[in-house]
Amino acid sequence: MRELLRVEGLVTRFYTDEGVVKAVDGSWFALEADEALGVVGESGSGKTVTALSIMRLIENPGRIESGRILFRGEDLLEKPEREMRRIRGKEISMVFQDSLSSLNPTLTIGAQIARVLKYHTRLTRRARWQRAVKLLEAVGIPEPAKRVSHYPHQLSGGMRQRALIAMAISCNPKLLILDEPTTALDVTIEAQIFGLIGELKDEFRMGVFLITHDLSVVASFCQQVIIMYAGKIVEEADVQELYGNPLHPYTLGLLRSIPPLEEEAERLESIPGEVPDLINLPPGCNFSPRCALTDERCWHEEPELAEVSPGHRVACHRVAVPVGVGEIHG
Ligand SMILES: Nc1ncnc2c1ncn2[C@@H]1O[C@H](COP(=O)(O)OP(=O)(O)O)[C@@H](O)[C@H]1O
Ligand SMILES: [Mg+2]
């Protein structure tokens with residue numbers, strides 16, 4: 001497999017009146033060309049900021065402080081804004097968190113797709129419209145020739161999400177970023193949407209960067225998983241390894257909080273406490289205030305992300321690292 005994206009030492013901060021928000025605090029990961037990478041973590045762990053950093057869409061008071069974002073070998077952080085505008089929507093596209101509500105209510109679905117095509121291609125007006133119909137068909141919208149002239153409010157939530165995906169893949173991107181694409185949808189529709197994204201991924205040969213707080217979605221859709229907590233990657237592994245041999249206490253907590261199929265929600269165990277304030281992070285391990293396994297070291301020393309077996313990395317003092325496998329990143 002070919003490497004599509006490599007993020008090295010990404011640090012993104014927001015300089016607010018209250019203080020410096022360490023939203024992404026040194027992330028390292030890579031994504032293969034036709035792989036789906038799941039990024040999981042509670043709200044406020046830095047998932048969206050990671051995605052927006054890749055898209056170079058961090059705005060004031062935010063700043064990408066350091067790191068490299070290699071997309072097909074070239075560092076996006078060194079590109080002029082003009083070139084980023086060409087890359088966004090064409091090479092890398094993103095379905096934003098809560099974008100269902102941000103579809104333009106005054107434009108038809110077709111017009112919104114045609115707009116993207118107009119910006120990035122030389123297709124004629126007529127060809128753009130025809131392609132919009134084709135795209136709606138590709139994302140499984142029934143009667144696409146009719147639906148293309150509908151306004152967003154005339155479509156159901158699931159259909160609107162499909163239209164957004166159609167827009168995102170309209171220029172055959174190499175990388176598709178999905179930020180919690182199904183949160184507003186019910187479970188059946190969610191399953192359909194992920195079925196669709198999986199098909200499109202193979203058909204269009206895209207890498208997918210999928211942000212979710214749902215580990216069960218990742219299990220069925222992704223090959224690789226990153227667990228984020230308070231701006232840091234705390235565990236990374238391929239899907240089989242992560243579910244078969246989860247190591248970080250936070251990952252274990254997330255796995256325990258997946259509601260077992262057909263069981264009552266009361267049985268659901270969630271992790272006590274909440275994500276710390278990213279302005280005033282605790283000393284030592286960020287997770288220590290919520291962790292049941294802490295010892296002295298956890299309260300004073302920040303754990304490094306270390307490889308415990310090939311491809312499986314964990315940042316936890318309480319996980320034994322085999323002799324000879326050193327830490328790889330800080
Ligand atoms: N524009 C902004 N200004 C200040 N802080 C921000 C801004 N955007 C995000 N943050 C902060 O960055 C942290 C990570 O946010 P985010 O990436 O959205 O989390 P997630 O997507 O994992 O829920 C949060 O503490 C959030 O408040
Ligand atoms: Mg988010």
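The values are calculated or read from the model by the stated rules, or taken from the named source; none is laboratory data. Here the structure is a predicted model, which means the values were calculated and not measured. Backbone-built Cβ (ideal geometry, glycine too); neighbour counts: all protein chains shown. Side chains included, ligands, DNA and RNA excluded: accessible areas come from the protein's heavy atoms. Shrake-Rupley method; radii C 1.70, N 1.55, O 1.52, S 1.80 Å.
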I need the phi-derived Karplus couplings for region 307-320: 6.51 cos²θ - 1.76 cosθ + 1.60, θ = phi - 60°, integer Hz, Gly and Pro marked x.
7, 9, 7, x, x, 10, 10, 9, 10, 7, 5, 8, 9, 6
From the residues LEU52, ILE233, HIS312, which one has its Cα farthest along the dipole of the chain in the positive direction, the dipole being from +1 and -1 charges on Cβ of Lys/Arg and Asp/Glu about the Cα centre?
LEU52
Kirkwood-type radius of region 104-172, with distances r between different C-alpha atoms, in Å
11.5
State, to one decimal in nm, how far the label point of ASN60 lies from the label point of SER156, with both points 7 Å from Cα in the Cβ direction.
4.5
Along the three principal axes, how long is region 172-258 when you take its alpha carbons, biggest first, rounded to the nearest angstrom?
38, 28, 25
Give the share of C-alpha pairs in each 10 angstrom bin for region 31-116, from 0 to the last occupied bin, in whole percents, shortest bins first.
13, 41, 36, 11, 0
Mean Kyte hydropathy of -1.0 or more with a Cα span along the axis of at least 30 Å, helices from DSSP in the chain
none
In whole percent, and with a 1.4 Å probe on the protein chains, what portion of the accessible area of the chain is carbon and sulfur?
49
About its Cα centre, what dipole magnitude does region 104-172 give when the only charges are +1 on Lys and Arg Cβ and -1 on Asp and Glu Cβ, stated in debye to the nearest 20?
300
Based on the Cα gyration tensor of the chain, what are the three equivalent ellipsoid semi-axes, each the root of five times an eigenvalue, rounded to whole Å and given largest first?
36, 22, 18
Counting pairs of alpha carbon atoms under 8 Å apart in space and at least six apart in sequence, what relative contact order in percent does region 104-172 give?
44
Give me the accessible area per residue for the chain, probe 1.4 Å, as a whole number in Å².
49
Explain nothing, just the number: dipole magnitude of the chain about its Cα centre with +1 on each Lys and Arg Cβ and -1 on each Asp and Glu Cβ, in debye rounded to the nearest 20.
2380
Note, region 29-41: 3J(HN,Hα) by Karplus (6.51, -1.76, 1.60, θ = phi - 60°), whole Hz, Gly/Pro = x, goes 6, 9, 9, 7, 4, 10, 9, 10, 10, x, 10, 10, x
Taking the simple approach of a point 7 Å from Cα along Cα-to-Cβ for both TRP299 and ARG2, what is their distance in nm?
5.2
Distances over 14 Å make up what percent of all Cα-Cα pairs in region 135-209?
59
Considering only GLU307, GLU296, GLU59, give the residue with the highest GNM mean-square fluctuation for the chain, with springs between Cα atoms whenever their separation is below 10 Å.
GLU296
